[in-house]
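Participant: Structure provided below as structure tokens; questions to follow.
The numbers here are math on the coordinates, done by the rules we state, and not lab data. In this text the structure is predicted, and so the values were computed from the model without any measurement. Positions of Cβ are generated from backbone atoms using ideal geometry, with glycine treated the same way; all protein chains shown enter the neighbour counts.
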Amino acid sequence: MQIVILATADHVADYGAQLFISQLTNNPNSVLGLATGSTPLALYQRLINAYQQQRLTFARAKTFNLDEYLGLAGDHPQSYRYFMQQHLFDHIDILPANTAVPCGAAIDPVAACLEYEQQITAAGGIDLQLLGLGRNGHIGFNEPSSGLRSRTRIKTLTPATITDNARFFQAGEYQPHLSLTMGIGTILDARKVLLLATGANKANAVKAMIEGPLTAACPASALQLHQHAIVVLDEAAAATLADIEFYRHIERENQALLQRLQQQ
């Protein structure tokens, strides 16, 4: 697990956007795993800016989103399909047919989950998977107790997640308590994983993910198993890490090595 600690949330977004830009520049046919929530918004805006400046194209890319609320159609303002259209897809040149989000309105959601796994496999797997981090350590909607080898499935949301997301729903509006989510095993199949976490409210989850045991109690700790997981944090999110200076030292050494290799 590569740990990158930067000064601010803006620096985190810059770093993450550059990884996506490099991925698409090196492989325009990339399969990208995407996430919703507040954390990736700044990254998506940077990708939109790069497209508008003609520095980036999504014309040959495919995307798979992590999750969706069960019971919400894609045109519902609180659905994650709607979120992605508003904050990314409608502003770039990606083909609509190449953007996949789990179908929250599926008549048979169990079958829809199996089909989603098949679609990822048929696309050749995910090259770069973007993740946020829940306060309880969830990734996607894989809540604590999720199986570390789980696949795309229906998942019950914890009261903490429901409470955190209640702000997005109007008073009296139906708020789903179930979701469709890529499993932890699905996420670990991605060739590269990028997790972004910012803010002091994520600090405890960050510490459990990086320095705690590998456990279903903190689903994000499964990234300890991934050979190419990059965790990018701002100072506030990294504040409770016990070995923070060691992680800074490792990253400095990594950058120095990269510079030497580029000069050869």
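Participant: Return the distance in nm (one decimal) between the two label points of a simple spin-label model at N165 and E245, each offset 7 Å from Cα along Cα→Cβ.
Facilitator: 4.1
Participant: Which value, in debye to the nearest 20, gives the size of the charge dipole of the chain about its Cα centre, when Lys and Arg are +1 and Asp and Glu are -1 at the Cβ?
Facilitator: The calculation lands at about 340 debye.
Participant: Taking a spot 7 Å from the Cα of E211 along the direction of its beta carbon, which residues of region 218-262 have an amide N less than 11 Å from it?
Facilitator: 238-247
Participant: Normalised by the empirical 2.2 N^0.38 Å for globular proteins, what value does the Cα Rg of region 79-134 take?
Facilitator: 1.24
Participant: Taking 0.36 nm per residue of sequence separation and subtracting the Cα-Cα distance, how much length would be gained by fully extending the chain between R252 and Y174, in nm to one decimal?
Facilitator: Between R252 and Y174, full extension yields an extra 23.3 nm.
Participant: Counting only other residues whose beta carbon sits under 10 Å from that of K202, what net charge do I get with K and R as +1, D and E as -1?
Facilitator: Result for the neighbourhood of K202: +1.
Participant: Give, in whole angstrom and from largest to smallest, the semi-axes √(5λ) of the equivalent ellipsoid of the chain, with λ running over the eigenvalues of the Cα gyration tensor.
Facilitator: 28, 23, 18
Participant: Still on this structure, I have one more. Which distance in Å, rounded to a whole number, links the C-alpha centroids of region 220-245 and region 141-213?
Facilitator: 16
Participant: Please give the contour-minus-distance gain from R55 to Q118: 0.36 nm per residue of separation, less the Cα-Cα distance, rounded to one decimal in nm.
Facilitator: Extra length available between R55 and Q118 comes to 19.5 nm.
Participant: Which of rounded, prolate or oblate describes region 141-259 when judged by the alpha-carbon gyration tensor and an a/c cut-off of 1.5?
Facilitator: prolate
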